[in-house]
1. Hey, among Ala48, Ala43, Ala83, which residue is within 24 Å of Phe190 (Cβ to Cβ), within 16 Å of the ligand (Cβ to nearest atom) and touching a Cys at 6+ places or on another chain (Cβ under 8 Å)?
2. Taking into account only those residues within segment 151-175 that are touching a helix residue (DSSP H, G or I) at 6+ places or on another chain (Cβ under 6 Å) and more than 16 Å from the ligand (Cβ to nearest atom), which is farthest from Phe34 (Cα to Cα)?
3. What number goes with the only condition from (1) in contact with a Gly (Cβ under 6 Å, 6 or more places away or on another chain); (2) over 24 Å from Ala209 (Cα atoms) that Pro90 does not pass?
4. Could you say which residue among Arg93, Arg74, Arg87, Arg102 is modelled with pLDDT under 95 and basic (Lys, Arg)?
5. Looking at Leu120, Leu104, which is the one that is surrounded by fewer than 17 Cβ atoms within 10 Å (Cβ to Cβ), among the aliphatic types (A, V, I, L, M) and touching a residue at least 12 places away in the same chain (Cβ under 8 Å)?
6. Is it true that some residue in segment 206-219 is within 16 Å of the ligand (Cβ to nearest atom) and modelled with pLDDT of 95 or more?
7. Scan segment 13-30 and give yes if some residue there is away from the ligand (no atom under 16 Å from the Cβ), of a type in the set (Gly, Ala, Ser) and either at pLDDT below 95 or part of a loop (DSSP other than H, G, I, E, B) (or both), otherwise no.
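The values are calculated or read from the model by the stated rules, or taken from the named source; none is laboratory data. Only a predicted model underlies this, so the values are computations on that prediction, with no experimental measurement involved. Heads up, the Cβs are rebuilt from the backbone with ideal geometry, glycines too, and the neighbour counts pull from every protein chain shown.
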Amino acid sequence: MQLPALPFPFNFEVSHTALVLIDFQRDFMEAGGFGETLGNNVALLAAAVPPMQKVLAAWRAVGGLVVHTRESHRPDLSDCPPAKRDRGNPALRIGDVGPMGRILVAGESGNQIIEALSPLPGEIVIDKPGKGAFYATDLHAQLQARGITRLIFGGVTTEVCVQSSMREATDRGYDGVLLEDCTESYFPAFKAATLEMVRAQGGIVGWTADSADLLAALHKG
Ligand code: C5J
């Protein structure tokens, strides 16, 4: 299949491609979570959800592999370095108790993926202690075991965990495309800059595309 994309079309076969949804979790998307404790307006992320839902449904319908990630730490915070926990001056730090449970801790209600994009049984769910989806996870091994060479990304936030994951993917030999309307940032200017830098220099980090074009490509078959 061919997806119209920048800086040039992105060719893929569903059987060798995974749809990767980065960190659509309550801690980033809803009030009272990690994103808000850092002083951000979490409402800015909501625009990515409806297009992501459509893509997820279409991707599931063609039998494609789905990967969901969550930024999360062990309850004892042994995988959260002080450099990460102590940085800045948030209202609550990672591991502190907030209205949705402990901030960014595995198993807490705030750490779950939002209901609109909930994983189905059998889909891969990666708990990652870092910003990138490959750092300290078995994602690469899981993708290799399934013959995946190409990745289609959506998620939050564009310039942090999404971009980190795309860079890590490139370093591991994957071709990745970011769906522009399926990703959002607390900083619109950072989202715009990230899209530019992903596809700059001949796609140095990857490609960018519109979700409507992916839906059309999947529909055409
Ligand atoms: C952040 C993320 N922004 N998922 N995490 O700290 O982008």
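1. Of Ala48, Ala43, Ala83, the one residue that is within 24 Å of Phe190 (Cβ to Cβ), within 16 Å of the ligand (Cβ to nearest atom) and touching a Cys at 6+ places or on another chain (Cβ under 8 Å) is Ala48.
2. Once the filter is applied, the top-ranked residue is Arg172.
3. Of everything listed in (1) in contact with a Gly (Cβ under 6 Å, 6 or more places away or on another chain); (2) over 24 Å from Ala209 (Cα atoms), Pro90 misses just condition (1).
4. It is Arg87.
5. Numbers: Leu104 fails: surrounded by fewer than 17 Cβ atoms within 10 Å (Cβ to Cβ).
Residue meeting the stated conditions: Leu120.
6. We begin by selecting, within segment 206-219, every residue within 16 Å of the ligand (Cβ to nearest atom); these are none.
For segment 206-219, residues within 16 Å of the ligand (Cβ to nearest atom) and modelled with pLDDT of 95 or more: absent.
7. no
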